[in-house]
1. How many residues are more than 24 Å from LEU232 (Cβ to Cβ) and assigned to a strand (DSSP E or B) when one looks only at the range 99-108?
2. Would you be able to say whether some residue in the range 204-217 is under 14 Å from SER250 (Cα atoms) and basic (Lys, Arg)?
3. Working only within the range 236-254, note down all residues that are farther than 21 Å from LEU142 by Cα and surrounded by fewer than 20 Cβ atoms within 10 Å (Cβ to Cβ).
4. Going by the structure shown, is TYR190 in contact (Cβ under 8 Å) with a residue 24 or more places away in the chain, farther than 19 Å from THR128 by Cα and surrounded by 15 or more Cβ atoms within 10 Å (Cβ to Cβ)?
5. Considering only residues that are of a type in the set (S, T, N, Q) and surrounded by fewer than 22 Cβ atoms within 10 Å (Cβ to Cβ), look in the range 39-72 and name the one that is farthest from ARG262 (Cα to Cα).
6. Can you tell me which residue within the range 65-98, out of those that are part of a strand (DSSP E or B) and hydroxyl-bearing (Ser, Thr, Tyr), is farthest from TRP140 (Cα to Cα)?
7. So which residues in the range 262-307 are in contact with a helix residue (DSSP H, G or I) (Cβ under 9 Å, 6 or more places away or on another chain), surrounded by 15 or more Cβ atoms within 10 Å (Cβ to Cβ), over 25 Å from VAL62 (Cα atoms) and charged (D, E, K, R)?
8. Give the number of residues within the range 231-252 that are among the hydroxyl-bearing types (Ser, Thr, Tyr) and out of contact with any Asp or Glu (no Cβ under 6 Å at 6 or more places or on another chain).
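The values are calculated or read from the model by the stated rules, or taken from the named source; none is laboratory data. Not measured: the values here are computed from a predicted model. Here the Cβ is made from the backbone with ideal geometry for all residues, glycine too, and neighbour counts use every protein chain on show.
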Amino acid sequence: MIQFIRVILVLAALAVVSACVSITIEEPNREGSGLRQSDFSAPKGYTRFLSDAPHAYRRGLVSVGDPVRRGVSSERFELRDGDCGGSDCGAPRSRAEIQMDQTLSKAKVGQDVWYGWSFFNASVPSFTKQNSLRLVFGQWTLGGKQKPIFRLIQLGKGEGDFSKCPPTGCAGPSYGKGDVVVQLEDVARYQGWNAAQNNGYICRLFDMQAQTGKWVDLTVNTNFSTGADGYLRVWVNRRLVCNYRGPVVSALSANGEIKHRRGVFSSWHKRWRDTMKGEPRPTLVVYYDEFRTGASQAEVDPQFLSKAGVEAVD
């Protein structure tokens with residue numbers, strides 16, 4: 001009887017240990033996977049932003065089958081139905097994002113700055129206007145309750161009337177196409193832009209579903225100006241698809257600190273909830289690689305750097 005009780009106690013202890021492991025270690029981080037616990041930590045100079053789920057961010061590795069643009073690693077973001085963190089949990093939104101620390105940011109209002117990175121869509125579908133999750137794939141923000149300066153957002157199919165975009169509010173309909181667009185949200189709110197100014201959607205960049213399973217190289221050049229001398233240009237695979245001139249930041253926001261976030265941010269669940277009637281939101285997986293900030297296109301453009309043989313960001 002004593003021996004039997006000892007066996008039961010041992011099994012109970014093992015069960016407790018097993019339960020602890022399943023809570024603290026993400027499923028892919030099992031023995032033999034090639035992943036370490038440190039692969040789930042934000043890279044140096046970044047923090048997870050309201051993204052507490054273990055699967056929200058991890059280091060993508062060639063050795064475990066992740067897509068990588070250059071080098072041996074990338075950044076993997078995953079957003080599942082039910083995920084939320086902090087203030088997102090009390091609102092119809094959720095995210096898997098990292099935020100650049102201010103010490104790394106080179107962005108200042110009125111000064112020229114360049115960004116370059118590669119983006120890979122692993123599972124994001126297209127949406128209709130009725131069920132769009134308003135997914136954001138990178139945003140430059142002043143934090144707090146202020147609207148983002150600009151963001152790359154996925155619209156529902158057919159959403160946005162770029163044919164009626166006036167020159168004062170848009171870069172024109174002839175550059176790009178697709179459901180991933182640039183939105184000047186801070187200026188749109190300050191200027192009172194509405195449907196007549198396309199709600200601040202200034203450029204189309206690319207079609208998300210058409211680029212599934214492919215690397216898309218993006219380069220951005222702006223000066224975050226509050227006046228008519230402002231500009232925002234975007235290249236997709238080295239093709240200029242956005243060439244906006246005008247204010248990029250509102251006068252009210254000129255003294256804020258510019259922060260960059262990337263990942264996948266579901267900024268508005270209400271349309272999905274009202275249309276899909278309880279159907280779970282799809283699991284969204286995307287990758288980023290080679291994100292750089294610099295003073296020229298030559299310092300950040302993924303294709304230029306690849307041809308020049310510049311060492312990869314790993």
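1. Number satisfying all stated conditions: 0.
2. No, the range 204-217 contains no residue that is under 14 Å from SER250 (Cα atoms) and basic (Lys, Arg).
3. ASN237, ARG238, ARG239, LEU240, ASN243
4. yes
5. The qualifying residue farthest from ARG262 (Cα to Cα) is SER63.
6. Here the answer is SER73.
7. ARG281
8. 2
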